[in-house]
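The values are calculated or read from the model by the stated rules, or taken from the named source; none is laboratory data. Bear in mind that the values here come from a model prediction, so they are computed numbers and not experimental data. Please note: Cβ atoms are built from the backbone with ideal geometry, for glycine as well, and neighbour counts cover all protein chains shown. The area values use the complete protein model at the heavy-atom level, side chains included, leaving out ligands, DNA and RNA. Shrake-Rupley method; radii C 1.70, N 1.55, O 1.52, S 1.80 Å.
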Amino acid sequence: MAQAQGSVEMALEARLLEYLQAEWAIATDWTVRCLVSQGILVVLVQYPSVTDTHAIDSRHIFSIVESAFHRDAEIRAGAERYSDLHAVRVYVRQEGEADPHGFYRFTWDDGASNQASTERLMLSGETPNFASDSNTVAESAGAVPPPHTPPSSPSRDPIPLKTTPVGRGRARKTRTKRDPDWDILDAEIKAVPRRRRANSGSILAAGLAATILLLGGGGYALSRPCVVGTCDALAIAQQMESTAMRQIAPGQSAQTVLEAYNTLMEASYLLDRIPNWSPHYTEAQEILTELMQESQKLERVVQAQRLAMAAAVQSQNPPHPLTVWREIKQNWQAAIAQLEQVPDHSPVYPLAQRKLTEYRANLSQIDHRILKEIEAQEWVDLARETAEQAETRQDIVTSVPGLRRVRQNWQSVINALSNVPSGTMAHAEAQQLLALYRPQLELAGERLQQEQASMQRFSQAQSLADIAQTAEQQNAWDQAVGQWQRALDEVQQIPEDSVSYEQVQPLVNSYQTALDQALNNLGFQDTVTSLERLCSGSPRRCLLSRQDDQMRVTITNAYEQELAGSNTTAPLSQLDPLIEQIARVSDRTRIPVSVYEASGELIGIYDPNANRSTPD
């Protein structure tokens, strides 16, 4: 059992030393010793004699040690192996000195202390009422230090409690029974008061213990305070008690309460050091009991200020994650709970009431922060969800209404992200998402405009085609050609990446065929008109008819007789001027023309597309 206890103590020593070394570069050669006895854990922090004492802040060391106990799950697990552990005493001493120059005590089972946070933060841009508490705790000489933040979060990277070499390149010395540091710790534990009056039996035991120590411990027993001669510690402690009582008079400030509390703690430390073999031990215990009772009256206010300090420091440099704001809220709630338990007959009751007003106002601010963070995160979550819907829909949409919904979705995403207030954790994420999603909104808008333009062209082309068909029915081929050409131009301008592109491709071929046919009919119409002018007269020169894709011109018998005169048959040379005019019409209208005599004999075919004529 003793061996297991020693292993745990050594593991606690190793873990606490790592905290000190991580915080202080000069702590490389420091040592830490731990001993548990009678429900009290004594921690001795010792630094080398070559260290400049002005560089050592005992309050900072106390803060690190207390913070480690309240925050490190592994240290807590190790300490909880001692079922009767109720208090921790921390001593700071320079190597070679007989007595420590710093002492600090905190209770182990105080649940409120365990609510200290692991972050250093304060509300930016605001002037909370708890600022005065921060200054009081941090600057007051001898003030109880606020919970300290470990250099790394134990919850994320716990160091197992096991006996391992520690330090930076140095092996930790193995503790032995001959270690003088350990002997001092043993004596300190023996000197811890048992919180009860000494009776004749205890006095006898004290005398026996003194005899043993004098015989075995020799110089150490005599070096303890109030063993031989007068006891200055008693007078000093009583004077300090009187000073503390004056400090907690009505109308006191938070700083004076802290000073009074620390004064009582220092007085308790003086009396704690009086060993039980001293003839002044019984009187010291009676005064110590009074001091502890008085300090307990102040302890809730002091603890509330510690929690307020932790909350204030943790609130610095926002924004913070929602989990951090909730931890800060818990600290304010715990501080308020401490003050609410101060009885109305307590000398610090007026101060507790004033601080309650301040702390509740600060809690309200934190509630507002939490609500703001929740709302901000909800906007971001909504934006992400809507963006996923838009991305899925834009890959499968095939209509203008569908593209319009996609654009509306992206606009909703941008609106949601724009609603995320500044000063929140979600704001930075929202700005990143805005940079990512704004191009998507622009792309969706451009695609919608393109599809709308394509649909307008498609609709316009259909209207033009209807007009062209009406013109064809009226043989207005020149109008039909113009409308078919415009309809074809509209559908050909629809981009290939448009959802309407495949839909209009059949119309391209259809409109092209209709245009070609209208052009052909327009050509025949022009040819007929021109030839009709050539054939008209008295007597009529020729007759016109259409044969498939060409015109037939037949010279009339009357015209041939007019040309022949008294001759029976007109020579072909007399027809040359008319034939030449017919050929020019064919060339202009690009319509083939065949010319026949009145007898039906072919004179020739004029084909402008073949660029030649076939004479009889």
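Select, from Ser586, Ser500, the only residue that is open to solvent by less than 50 Å² (accessible area, probe 1.4 Å), within 30 Å of Val400 (Cβ to Cβ) and not aromatic (Phe, Trp, Tyr).
Values: Ser586 fails: within 30 Å of Val400 (Cβ to Cβ).
Matching residue, one of Ser586, Ser500: Ser500.
Is it the case that some residue within the stretch 382-400 is touching a residue at least 40 places away in the same chain (Cβ under 8 Å) and over 30 Å from Glu451 (Cβ atoms)?
Within the stretch 382-400, not a single residue is touching a residue at least 40 places away in the same chain (Cβ under 8 Å) and over 30 Å from Glu451 (Cβ atoms).
Quick one: which residue in Asp466, Asp478 is without any contact (Cβ under 8 Å) to a residue 40 or more places away in the chain, over 37 Å from the mean Cα position of the chain (by Cα), open to solvent by 50 Å² or more (accessible area, probe 1.4 Å) and within 30 Å of Gly523 (Cβ to Cβ)?
Details: Asp478 fails: without any contact (Cβ under 8 Å) to a residue 40 or more places away in the chain.
When all the criteria are applied, what remains is Asp466.
Six or more apart or on different chains, Cβ under 6 Å: which pairs go from a residue in the stretch 495-522 that's closer than 24 Å to Leu443 by Cα to one that's outside any helix (DSSP H, G or I)? Could you list them?
Between residues of the stretch 495-522 that are closer than 24 Å to Leu443 by Cα and residues that are outside any helix (DSSP H, G or I), the close pairs are Val499/Thr398; Ser500/Ile494; Tyr501/Ile494; Val504/Ile494.
From the set of residues in the stretch 224-241 that are more than 22 Å from Glu294 (Cα to Cα) and open to solvent by 70 Å² or more (accessible area, probe 1.4 Å), which is modelled with the highest pLDDT?
Taking the stretch 224-241 first, the residues more than 22 Å from Glu294 (Cα to Cα) are 224-231.
Then drop every residue that is not open to solvent by 70 Å² or more (accessible area, probe 1.4 Å), which leaves 228, 230.
Values: Val228: 72, Thr230: 81.
That would be Thr230.
Just checking, does the stretch 318-331 include any residue being farther than 24 Å from Glu378 by Cβ and surrounded by fewer than 17 Cβ atoms within 10 Å (Cβ to Cβ)?
In the first step, residues of the stretch 318-331 are kept if they are farther than 24 Å from Glu378 by Cβ; the result is 331.
Those still in the list that are surrounded by fewer than 17 Cβ atoms within 10 Å (Cβ to Cβ) too: none.
No, the stretch 318-331 contains no residue that is farther than 24 Å from Glu378 by Cβ and surrounded by fewer than 17 Cβ atoms within 10 Å (Cβ to Cβ).
Against the conditions (1) modelled with pLDDT under 90; (2) open to solvent by less than 80 Å² (accessible area, probe 1.4 Å), where does Asp395 fall short? Just the number, please.
(2)
Contact list please: Cβ distance under 7 Å, first residue in the stretch 355-366 and more than 15 Å from Gln330 (Cβ to Cβ), second residue aliphatic (A, V, I, L, M) and open to solvent by 50 Å² or more (accessible area, probe 1.4 Å), pairs at least six apart or on different chains.
Listed pairs, sorted by first residue: none to list.
Scan the stretch 51-100 for residues that are under 42 Å from the mean Cα position of the chain (by Cα), part of a helix (DSSP H, G or I) and among the β-branched types (Val, Ile, Thr) and report the count.
4
I need the full set of residues from the stretch 19-72 which are over 26 Å from Leu85 (Cα atoms), among the hydroxyl-bearing types (Ser, Thr, Tyr) and surrounded by fewer than 21 Cβ atoms within 10 Å (Cβ to Cβ), in order please.
Scanning the stretch 19-72 gives Thr28, Ser49, Thr51, Thr53.
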